[in-house]
Amino acid sequence: MVDLKKFEAWFVTGSQDLYGDETLKKVAEHSREIVSGLSRSSKIPIRIEIKPVLISPEEIYKLCLEANIAKNCIGLITWMHTFSPAKMWIAGLKILQKPLVHLHTQFNRDIPWDSIDMDFMNLNQSAHADREFGFICSRMHKPRKVIVGHWQEESVQEKLAIWARAASAKLDAQNGKIARFGDNMREVAVTEGDKVEAQIKFGYSVNTYATGDLVNYINSISVAEINMLIEEYEQRYIVTKALRKGGERHQNLRDAAKIELGLKAFLEEGNFIAFTTNFQDLYGLTQLPGLSVQRLMAEGYGFGAEGDWKTSALVRAMKVMSGDLKGGTSFMEDYTYHLDPSGMKVLGAHMLEVCETLHENQPSLEIYPLFVGGKDDPPRLIFNAPPGPAINVTIVDMGNRFHMIVNEITVVSQDTQLPKLPVARVIWMPKPNLEVAAHAWILAGGAHHFSFSQAITSEYMEDFAEMNGIECLLINKSTNISEFKKELRWNDIYYSLK
C-alpha cells in the first residue's frame, strides 16, 4: 500500500506589512497552533508543513515556485488570518501548478463577547479577508476546494483529509508509469484512448511491453521462491484440496505463483504504478494472470483487464486515496442484472481479477475452467464483498476531453451462496435505482470497466476531477434523467469553449 506520510501539504497564511511586528508574530503563533492541531488529527493522513506568513507579492511568488518543484508537496492550504490584499497573490497563483485548498476558518471558534475590542478585530479578520482571497481565485478561474468552519471541528478535518488524499493521488500520477502487456482487446472501443493527451492531463505515461518480456522475468523465478509463496497461500487462504501439495492441480498453483513473482519483479524493477493484461495476448504464459492480479492490487497497484489503461490508472489513484482507510478498492465490471421490479440489483465481477481487499470473510483459493485465452485453468480467490455504501467510477475519452462518471451505490448481501459461480463478486443496488443509474451511465458514455471502492466517497472523486481539470458527472439519489441530459449538453458547450 502507498504510505501517505511521505506526502506533505504546505500551510500558507496570508497577511500584509501594515499591522506591525507584534500582530504578525501573533499571526504566526496562531498559524503554528492550527498546524499543530491539524497534524495531531487522526483524520489527516499526510504531513502538514507550516510556511512563514506571507506579506508581499515577492514572497508569495517565491513560495508558489518552490511548491511547484517540491517533490513531496501535494499542494497548498491557504488561510487569510488578517487582510491580505489579493493583488499580491496574482503572480503566485498564475504559476502555481499544485492543488489548492482554501481553508475559510479563524483561530478562535467563538466571539469573546465580553472582551472583544478593536485589537481583536484587527487581528482576526478571516471573515472578510478570505473573501478578498476568494475573489482573486474566482477572477483568475483558479480551481480549488473551499472548506468552511472552525479548524478544530471534525467535519472540517474530514474535508481537508479528503482533499489531501485526492491531491496525493494526483501527485502520485506525475511521472507514473503504466505497463501494458500486449495491446487492448481487439475491436473494443472504450478501452482505447489518447495516451499522449492522458500524459498531458494526468501526468502518467502508458507504454506497451511484449508478453515475452514478462515471460523472461517469470522464467527467472526459482523453485525456492515459489515454495515460499505457496506456503503464504496456504496460511492466508482456504486452499482447495486439488491445489494443495500432492493434489491433481497443484502445478497450476505453482504456475500461478511463478507468474505472480515474475510480474511483481517486472513492476518493481521498472518502478510501475499500474499495469494491464489481455487474454488475447498470452504468448509464453501458461495461464491468464488472475491470482497474481488480485494480490498485486491489494498491494496498491492499479489494474485494468483487456488492456484498459485508463481504468488501471484510475484504480491506482483510488488506491492512493483510500490509503489506510477501511474498505477495499478494485477493478470491476457490472456483469449481469437482477431485474426484479421489487429490487433491481447488479452482480459485479470479472473473469478473475477482483482485488482481495474487498473480501468479507477469509477468501478461498480454488480452480475452475476458464473458457477464454486458450491456456491452462488459473487458480483464483473467491469471496463476497461486505454490505455497505460504495462508488463506481470510470474515466472515458470522449474525443475532445476526458470525463469522469461516478455512481453512488449500496452493496447488499447475497440472497444465496452462488455455489456454482467461481469468481469473487459484489452485488449492489445503484442510486437512485438501476433504471435511472444505468440510463444516465449509458447516456454519459460510461465504460463497462470501472474502479469500485468501499473506502472512499464521491467527494474524493469530485476533488480529484477538479484538480485535474476534467468533468465529473455524479449519479446519486437526486439524479433525474431530464436534468442529467441538460447537464451533458451544458458540459459539451462549456468544454468546447474552454
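The values are calculated or read from the model by the stated rules, or taken from the named source; none is laboratory data. Given the structure is predicted, the values throughout are model-derived calculations rather than measurements. Positions of Cβ are generated from backbone atoms using ideal geometry, with glycine treated the same way; all protein chains shown enter the neighbour counts.
Screening Leu63, Leu54, Leu38, Leu18 for residues that are more than 17 Å from Gln97 (Cα to Cα), free of Cβ contacts under 8 Å to residues at least 60 places away in the same chain and out of contact with any helix residue (DSSP H, G or I) (no Cβ under 6 Å at 6 or more places or on another chain) leaves exactly one candidate, Leu18.
Against the numbered list (1) of a type outside the set (A, V, I, L, M, F, W, C); (2) outside any helix (DSSP H, G or I); (3) without any contact (Cβ under 8 Å) to a residue 40 or more places away in the chain, Arg254 comes up short only at (2). From the set of residues in region 471-486 that are in a strand (DSSP E or B) and of a type outside the set (Val, Ile, Thr), which is nearest to Val436 (Cα to Cα)? Here the answer is Leu474.
Can you spot a residue in region 272-293 that is in a helix (DSSP H, G or I) and in contact (Cβ under 8 Å) with a residue 60 or more places away in the chain? Yes, the conditions are met somewhere in region 272-293.
Conditions (1) outside the structural domain of Tyr368 (by TED's automatic domain parsing); (2) surrounded by 12 or more Cβ atoms within 10 Å (Cβ to Cβ); (3) assigned to a helix (DSSP H, G or I), marked per residue:
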{"position": "Thr208", "(1), (2), (3)": "no, yes, no"}
{"position": "Asn216", "(1), (2), (3)": "no, yes, yes"}
{"position": "Leu229", "(1), (2), (3)": "no, yes, yes"}
{"position": "Tyr233", "(1), (2), (3)": "no, yes, yes"}
{"position": "Gly246", "(1), (2), (3)": "no, no, no"}
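Considering only region 455-489, how many residues are among the aromatic types (Phe, Trp, Tyr) and closer than 15 Å to Leu160 by Cα? The total comes to 2. What about Lys170, is it in a loop (DSSP other than H, G, I, E, B), of a type in the set (Lys, Arg) and touching a residue at least 40 places away in the same chain (Cβ under 8 Å)? It is false that Lys170 is in a loop (DSSP other than H, G, I, E, B), of a type in the set (Lys, Arg) and touching a residue at least 40 places away in the same chain (Cβ under 8 Å).
Among residues of region 334-351 that are more than 14 Å from Met429 (Cβ to Cβ), those with a Cβ under 7 angstrom from a residue that is aromatic (Phe, Trp, Tyr), sequence gap 6+ or separate chain, pair up as Ala349/Tyr335; His350/Phe331. For region 453-498, the set of residues classified as of a type in the set (Phe, Trp, Tyr), surrounded by 14 or more Cβ atoms within 10 Å (Cβ to Cβ) and over 19 Å from Ser322 (Cα atoms) consists of Phe484, Tyr495, listed by residue number. Only a single criterion out of (1) within 19 Å of Thr394 (Cα to Cα); (2) free of Cβ contacts under 8 Å to residues at least 40 places away in the same chain is not satisfied by Gly193, namely (2).
Per-residue answers, yes or no, for (1) in the same structural domain as Thr410 (by TED's automatic domain parsing); (2) surrounded by fewer than 24 Cβ atoms within 10 Å (Cβ to Cβ); (3) touching a Lys or Arg at 6+ places or on another chain (Cβ under 6 Å):
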position	(1), (2), (3)
Tyr283	yes, yes, no
Val320	yes, no, no
Gly328	yes, no, no
Ser342	yes, yes, no
Ala349	yes, yes, yes
Pro378	yes, no, no
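Any residue at all in region 94-110 that is touching an Asp or Glu at 6+ places or on another chain (Cβ under 7 Å), part of a helix (DSSP H, G or I), crowded, with 18+ Cβ neighbours inside 10 Å and in contact (Cβ under 8 Å) with a residue 12 or more places away in the chain? Taking every residue of region 94-110 in turn, none turns out to be touching an Asp or Glu at 6+ places or on another chain (Cβ under 7 Å), part of a helix (DSSP H, G or I), crowded, with 18+ Cβ neighbours inside 10 Å and in contact (Cβ under 8 Å) with a residue 12 or more places away in the chain. Just checking, does region 58-73 include any residue being surrounded by 14 or more Cβ atoms within 10 Å (Cβ to Cβ), in a loop (DSSP other than H, G, I, E, B) and among the basic types (Lys, Arg)? Among the residues of region 58-73, not one is surrounded by 14 or more Cβ atoms within 10 Å (Cβ to Cβ), in a loop (DSSP other than H, G, I, E, B) and among the basic types (Lys, Arg), which makes the answer no. One residue stands out in region 152-177 among those that are over 15 Å from Val320 (Cα atoms) and touching a helix residue (DSSP H, G or I) at 6+ places or on another chain (Cβ under 8 Å): the one that is surrounded by the most Cβ atoms within 10 Å (Cβ to Cβ), namely Leu160.
The strands (runs of 3 or more DSSP E) located wholly in region 379-468 that include 2 or more residues which are more than 27 Å from Glu260 (Cβ to Cβ) and free of Cβ contacts under 8 Å to residues at least 60 places away in the same chain occupy 402-411.
Just checking, does region 141-151 include any residue being surrounded by 12 or more Cβ atoms within 10 Å (Cβ to Cβ), part of a helix (DSSP H, G or I) and either charged (D, E, K, R) or in contact (Cβ under 8 Å) with a residue 60 or more places away in the chain (or both)? No, there is no match, as no residue in region 141-151 is surrounded by 12 or more Cβ atoms within 10 Å (Cβ to Cβ), part of a helix (DSSP H, G or I) and either charged (D, E, K, R) or in contact (Cβ under 8 Å) with a residue 60 or more places away in the chain (or both).
Scanning region 40-75 for residues that are under 25 Å from Glu154 (Cα atoms) and in contact with a Lys or Arg (Cβ under 8 Å, 6 or more places away or on another chain) yields Pro45, Ile46, Arg47, Ile50, Cys73, Ile74, Gly75.
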